[in-house]
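The values are calculated or read from the model by the stated rules, or taken from the named source; none is laboratory data. What you see is a predicted model, and the numbers here were worked out from it, not measured in a lab. Glycine gets a Cβ as well: all are built from the backbone with ideal geometry, and neighbour counts include every protein chain shown.
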Amino acid sequence: MSIQENKFQAIISHAKEYGFVFQSSEIYDGLSAVYDYGPYGSELKKNIRDHWWKSMTQLHENIVGVDAAIFMHPTTWKASGHVDNFSDPMIDNKDSKKRYRVDHLIEAHADKLIEGGKADEAKALLDAMEQLLGKDDYAGLKQLIEDNNVVCTISGTKNWTDIRQFNLMFDTKLGSVTDEADTIYLRPETAQGIFVNFLNVQKTARMKVPFGIAQTGKAFRNEIVARQFIFRMREFEQMEMQFFVRPGTEGEWYKYWKEARLKWHLELGIPQDKYRFHDHVKLAFYAKEACDIEFDFPMGFKEVEGIHSRTDHDLSQHQKFSKKKMNYFDNDVDEATGKPYGNYIPYVIETSIGLDRMFLLIMCSAYEEEKWAKEDGSEDSRVVLHIPAKLAPNKLAILPLLKKDGLPEIARELMNECKSQFKCFYEEKDAIGRRYRRQDAIGTPFCVTIDHQTKEDQTVTIRYRDSMAQERIHISKVKELVLNAIA
Ligand code: GAP
């Protein structure tokens, strides 16, 4: 196993051991590519979602939110093109019967080439794949797989079927009598809940183009190659924003959102060299321009967010299928003609980030195994999560040094003062060093210890997670210090 694979495995184990992520239905041996979030995981996930929501709807006066249902009228997916086009090219190994998404199979082979020091060969392979995918050249892709001796991970053979398309949507039945029931789909993206509500939102919130509609929520895809922990799941959560613009301005808004979204990531304090853009050669069936923001995960640079220029495809399609007008009347005056812009179907720039992927990104960038020499020459170590303070599950751990002498009472008072403002954790058990280590492992940015000196001069020891530095501050300053750090 490479160092990076080891690191990824360590992060997965840590996520389970410390209550971040569990395999779904684990007592029944789990369900493939479905995961549950534990006590600290659900806090971290909620904090990421809230941070995104705030940055979209509170910090942009021209973006409002919706919370649309997961079930939608089945025609939605016919209109959006998902019934006919939301499919991936797949290939089966005839010996193992295992099915692979073609791009994932080739990418996994390229990863192996990189590990074996053949980075140039890997790049050539990926470039060739992009070209062939761009042309939907499935015969060429199969040839590429065979020429590069790509083998099945289970059978070890290269006995491949032809490449075929498989739709990724899950379907189910609406109503209790199966015969009469309609087939409906679990939404594969949250975006369509925004498009079908475009006019409801525009009118009720009195929005003027350019404006955006944001939504977070579950999406479902029958991913064939579901692997790499929560990176690719069958049930996951998206945070999407559709930004409606005047036709002809989509190029500049696409650029704007590309920069704005990268800035959002960097403002979390994650180094720039961990990110890169990947411009799409093969565009999704609805896109005019598209790129991914990729993050350097332990398994290499992978997509965490997409920015897509979707034209007026979705609104026009919904207008066509529903026979309801999706026009917007723009009474701003066009300087070129001296007349109002008038009626049009807006163009759309979409920003779409996977909440679970952002969670994984935070875990991967935060996880560190530290070792250092102590003064007596022996070695000490810890596992720490350097989670940005505003996203950390607990912001402050309040730790009375002893369970007696009035120290718990002072600690409880501080707890009562702070807990309505941010998430605090209280603990009396165990030696203080062990309590610090447990908080490091779940990423708590601040610990305060209440000791006998507190009774004399109302000071506490505050310990900073990242530097492990400790200092004494007045107890009345604790709340403000934490609030400033998470603002
Ligand atoms: N509405 C556009 C859309 O859905 P996408 O590139 O298919 O675009 C957007 O998905 C984001 O959703 C991705 O960048 C990724 O973060 C997340 N995502 C997609 N499929 C996923 C899966 N199977 N598991 C986890 N996250 C996924």
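Some points to look at:
- Filter pass, ILE387 being assigned to a loop (DSSP other than H, G, I, E, B) and β-branched (Val, Ile, Thr): yes
- Within the option set PHE231, PHE243, PHE236, PHE195, being within 11 Å of the ligand (Cβ to nearest atom), in the same structural domain as LYS54 (by TED's automatic domain parsing) and more than 14 Å from the chain's Cα centre (by Cα) holds for one residue only, PHE195.
- Residue within region 99-112 that is more than 26 Å from PHE198 (Cβ to Cβ), among the hydrophobic types (A, V, I, L, M, F, W, C), touching a Leu at 6+ places or on another chain (Cβ under 7 Å) and without any contact (Cβ under 8 Å) to a residue 24 or more places away in the chain present: yes
- Any hit, region 104-127, residues being outside the structural domain of GLY65 (by TED's automatic domain parsing), within 16 Å of the ligand (Cβ to nearest atom) and outside any helix (DSSP H, G or I): no
- Members of region 390-432 found to be of a type in the set (Lys, Arg), within 23 Å of ILE362 (Cβ to Cβ) and not in a loop (DSSP other than H, G, I, E, B), listed by number: LYS390
Conditions tested, residue by residue: (1) in contact with a His (Cβ under 7 Å, 6 or more places away or on another chain); (2) outside the structural domain of LEU315 (by TED's automatic domain parsing); (3) surrounded by fewer than 16 Cβ atoms within 10 Å (Cβ to Cβ).
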site	(1), (2), (3)
ILE11	no, yes, no
GLU17	no, yes, yes
PHE22	no, yes, yes
TYR28	no, yes, yes
LEU31	no, yes, yes
LYS54	no, no, yes
GLU61	no, no, yes
LYS78	no, no, yes
ILE91	no, yes, no
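- Filtering region 278-316 to residues that are more than 14 Å from the ligand (Cβ to nearest atom) and either hydroxyl-bearing (Ser, Thr, Tyr) or at positive phi (or both) leaves GLY300, SER316.
- Filter pass, MET358 being out of contact with any Pro (no Cβ under 7 Å at 6 or more places or on another chain), closer than 30 Å to LYS123 by Cα, of a type outside the set (D, E, K, R) and at pLDDT below 95: no
- When residues of region 325-374 are limited to those that are assigned to a strand (DSSP E or B) and of a type in the set (Gly, Ala, Ser), the one farthest from the ligand (Cβ to nearest atom): ALA373
- Single residue of THR454, THR444 found to be touching a residue at least 40 places away in the same chain (Cβ under 8 Å), β-branched (Val, Ile, Thr) and assigned to a loop (DSSP other than H, G, I, E, B): THR444
- Test: LEU407 is outside the structural domain of PHE236 (by TED's automatic domain parsing), surrounded by fewer than 21 Cβ atoms within 10 Å (Cβ to Cβ) and either more than 22 Å from GLU480 (Cα to Cα) or of a type in the set (A, V, I, L, M) (or both): yes
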